[in-house]
Amino acid sequence: MAMRAAATTTATATSAATRGSGLRAMFSSLSSFPFNIPQTNVEKPPPAEPSTNLFVSGLSKRTTTEGLRTAFAKFGEVVHAKVVTDRVSGYSKGYGFVNYASLEDAASGIKGMDGQFLDGWVIFAEYARPRPPIPSLNNGPPQGWQ
């Protein structure tokens, strides 16, 4: 009987120790968890050079080209406005472009519309960056063709 009581006490102590080093113990200190990657400093690209073409982001799905033109026309002469839309649904992809007649109009458009609400969404206006050149894929005929 004494041996049975000693075995029960040992088994209970062993299971309690096991529980302490199981999943609970592993997740209780997440700071030493092996998947915590330290934050690295990511360099932001330099600001775009001033131009008459603006990039506008944060647009609502319901924003139209005409609505974008009307909103930005308050700050200068808009030559062209375009909301980029999804081919299938026809809704806005959330960004667009506005082209002003002069640099001064573009600067006042950014100053007046950056961080403002348009169709219930906060939009961001900045100078558009030129599209990077597309690398050549060497789409010539296959080897051996003449």
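The values are calculated or read from the model by the stated rules, or taken from the named source; none is laboratory data. Quantities reported herein were computed from a predicted structural model and do not represent experimental measurements. Surface accessibility is based on the protein's heavy atoms, side chains included, excluding ligands, DNA and RNA. Shrake-Rupley method; radii C 1.70, N 1.55, O 1.52, S 1.80 Å.
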Q. Excluding same-chain residues fewer than 8 positions from LYS111, which aspartates and glutamates have a Cα within less than 20 Å of its Cα?
A. GLU49, GLU77, ASP119, GLU126
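Taking the solvent-accessible surface of protein heavy atoms with a 1.4 Å probe, what is the per residue accessible area of the range 53-120 in Å²?
On the way: 3890 Å² over 68 residues.
Result: 57 Å² of accessible area for each residue.
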Q: Calculate, in nm to one decimal, what ALA73 and SER102 gain on full extension: separation in residues at 0.36 nm each, minus their alpha carbon distance.
A: 9.2 nm
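Let me know the Kirkwood hydrodynamic radius for the range 95-140, please, with Cα pairs as the basis and the value in Å to one decimal. Numbers along the way, then the final one.
On the way: mean 1/r = 0.0766 Å⁻¹.
Roughly 13.1 Å, rounded to one decimal.
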Q. In terms of Cα to Cα distance under 16 Å, which lysines are near enough to LYS82, apart from those fewer than 8 places away along the same chain?
A. LYS61, LYS93
